[in-house]
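Asks: Would you mind keeping the following structure in view while I ask a few things?
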Amino acid sequence: MASLKRAFSSILLAGGIVTILAGLSAAFAFTTSGIVASVVLVAALLYAGGLWFGGSSQRIAAPGADVVIVFDRSLKITAGPAPGTSVMMQFPEALRSEIEMRCRLALRGEHTHFECEHAGARLAFDIAPIQSTHGVVMYGVLISGTGMIAPATAPAPLTTVA
């Protein structure tokens, strides 16, 4: 289904570009400068659309990517990729509940470490509290990455996620 949506959207995009190029070229009487202006305008529109629609809706952390995120009590990113967005939105759906539970533990003062497998990759997560000089938990930090290659029998439990 996803490949069908991608193919349909690609056809719509190609049709839109051809229509814009034809319309603008006709408006400029099919001159070389008119065609160049049309191509530049289409490129600018594609760039602006990519920034507008692709910026905040994409996940920043692909499975296996090394990332460090500092988050506040509302589980919003204060330092790291996409400040102001939810920590959970940076990770695949299957990992979000586990990460949210561990982030809430960090905000209560507990450091946790867990490893999981997702989409064939082994991921390691360290989630810890950041305390003030008076011992009050102010923020949390999440560090994730590919981790070390583990032997078949890992000493720590492995959380398997679809």
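Asks: How many nm separate the modelled label positions at Lys5 and Ser86, each set 7 Å beyond the Cα in the direction of the Cβ?
Replies: For the pair Lys5/Ser86, the computed spacing is 1.8 nm.
Asks: Which of Phe8, Phe28, Phe125, Phe71 comes first, and how do the rest follow, when ranked by fewest Cβ neighbours within 10 Å? The partial results should precede the final answer.
Replies: Values: Phe8 10, Phe28 15, Phe125 22, Phe71 25.
Ranking Phe8, Phe28, Phe125, Phe71 by Cβ neighbours within 10 Å, fewest first, gives Phe8, Phe28, Phe125, Phe71.
Bear in mind these aren't lab numbers, they're just calculated from the coordinates by the rules spelled out. Everything quoted here is computed from the prediction, not taken from an experiment. Here the Cβ is made from the backbone with ideal geometry for all residues, glycine too, and neighbour counts use every protein chain on show.
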